[in-house]
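In what follows, a single structure is set out as structure tokens and then discussed.
The values are calculated or read from the model by the stated rules, or taken from the named source; none is laboratory data. These numbers were taken from a predicted model, which means no experiment stands behind them. Ideal geometry is used to build each Cβ from the backbone, glycine not excepted, and the neighbour counts take in all protein chains shown. When the accessible area is computed, the model is the full protein with side chains, heavy atoms only, and any ligands, DNA or RNA have been set aside. Shrake-Rupley method; radii C 1.70, N 1.55, O 1.52, S 1.80 Å.
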Amino acid sequence: MSLNLTDITLTYPDGENRLTALDDVTLDVLKGTLTTVVGPSGSGKSSLLAVAATLITPDSGTVTIDGQATTGLTRAELTELRRHKIGIVFQQPNLLPSLTGAEQLQVMAQIDGRKPHTAHTRAMEMLDAVGLADRAARRPHQLSGGQRQRLNIARALMNDPTVLLVDEPTSALDHERGAAVIDLITRLTHQRATATVLVTHDRAHLAAVDQIAEVHDGRLHLPATPDPTAAQCSDRIGSPDRGGPVGG
Ligand code: ADP
Ligand code: MG
């Protein structure tokens, strides 16, 4: 087991009251598997990722990464844990405009204390893994939206994390490029054995995932775990008999 969220409740200040963003959420994600989180806008998906990433401490509940409970760790210890164990892909790529693709990745490895030579080798390996080996010298503005998102994914994987957290990576992409990004995340999850949580409201490509979680008003449901033998049948999800709500 690589990522465990146990009985997580998270509230935000809301005037005189508190708004409950996550309501007693429990989720286990195994190494080498992909869990997709769907749900309407404002249901708590990004909050869930922020808690899993240890960027927000919940009011109650436990986040366990690779068997290590994060409760009680200092900020410095959490930073260290994130650096080594957690790869995060935000909705917006946050790439540095002046750096080439290879340099964006090398910066991550140097932060991790690798020698520049090793960092370069690793960066080239990861660019190759996301199909951007021939774009290594390009800066973000010389890449398409889909390529930028793939670079973003490569960067998140630079330090070989246990946990990969991805927030709506396809929201700025057309359907075809979005599908390619989801396929890439699925493949990398298996190849790199990450425990991956992918937030998306594009339900079209959920057939190959290991677990689908639905979030509504901060509550998480695991309605049906897809049958792995039916992974080829992409119209299973969202068929009338499942009656699942459409993500917002
Ligand atoms: P989603 O990613 O599913 O759209 P979020 O996790 O961003 O949902 O938000 C869940 C709820 O928490 C929403 O009602 C949102 O307005 C609220 N919320 C999110 N972040 C904050 C914050 N920093 N302060 C106060 N309320 C927030
Ligand atoms: Mg969100």
task: Using a 1.4 Å probe over the heavy atoms of the protein chains, calculate the carbon and sulfur portion of the accessible area of segment 80-159 as a whole percent.
output: 52
- line: Expressed in Å to one decimal, the Kirkwood Rh of segment 81-166 from all distinct alpha-carbon pairs is 12.5
- prompt: With the dipole of the chain worked out from charges on the C-beta (+1 for Lys and Arg, -1 for Asp and Glu) around the Cα centre, which of L49, H190, L30 lies farthest toward the positive end?
  reply: H190
Positive minus negative residues near L165 (Lys, Arg vs Asp, Glu; Cβ under 12 Å): +1
field: DSSP H segments from the chain that extend 24 Å or more along their own axis, Cα-based, with Kyte-Doolittle mean of -0.5 or above
entry: 175-192
- prompt: Which of the peptides 33-43, 61-71 is most tightly packed, and how do the rest follow, judged by the mean count of other Cβ atoms within 10 Å per residue?
  reply: 33-43, 61-71
query: If you project the alpha carbons of the chain onto their three principal axes, what span does each projection cover, largest first, in Å?
result: 48, 45, 35
- request: Using Cα pairs closer than 8 Å and at least 6 residues apart in sequence, work out the relative contact order for the chain, in percent.
  value: 28
query: Just the accessible area per residue of the chain, please: how many Å² with a 1.4 Å probe?
result: 47
task: Just tell me which lysines come within less than 25 Å, Cα to Cα, of K115; anything on the same chain fewer than 8 places away is out.
output: K85
message: Please report the antiparallel percentage of DSSP beta bridges with both residues in the chain, rounded to the nearest 5.
response: 55
- request: May I ask for the Kirkwood hydrodynamic radius of segment 163-209, worked out over all distinct Cα pairs and given in angstroms to one decimal?
  value: 10.8
- prompt: What span do the alpha-carbon atoms of segment 110-232 cover on each of the three principal axes, reported in whole Å from largest to smallest?
  reply: 47, 32, 30
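Under the rule of -39500 (n - 2.57) per DSSP H run of 4 or more residues, summed and divided by the residues of the chain, what mean residue ellipticity at 222 nm is obtained, to the nearest 500 deg cm²/dmol?
Taken over the chain, the calculation gives -9500 deg cm²/dmol.
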task: Calculate the length of the line joining the C-alpha centroid of segment 146-193 to that of segment 14-32, in whole Å.
output: 24
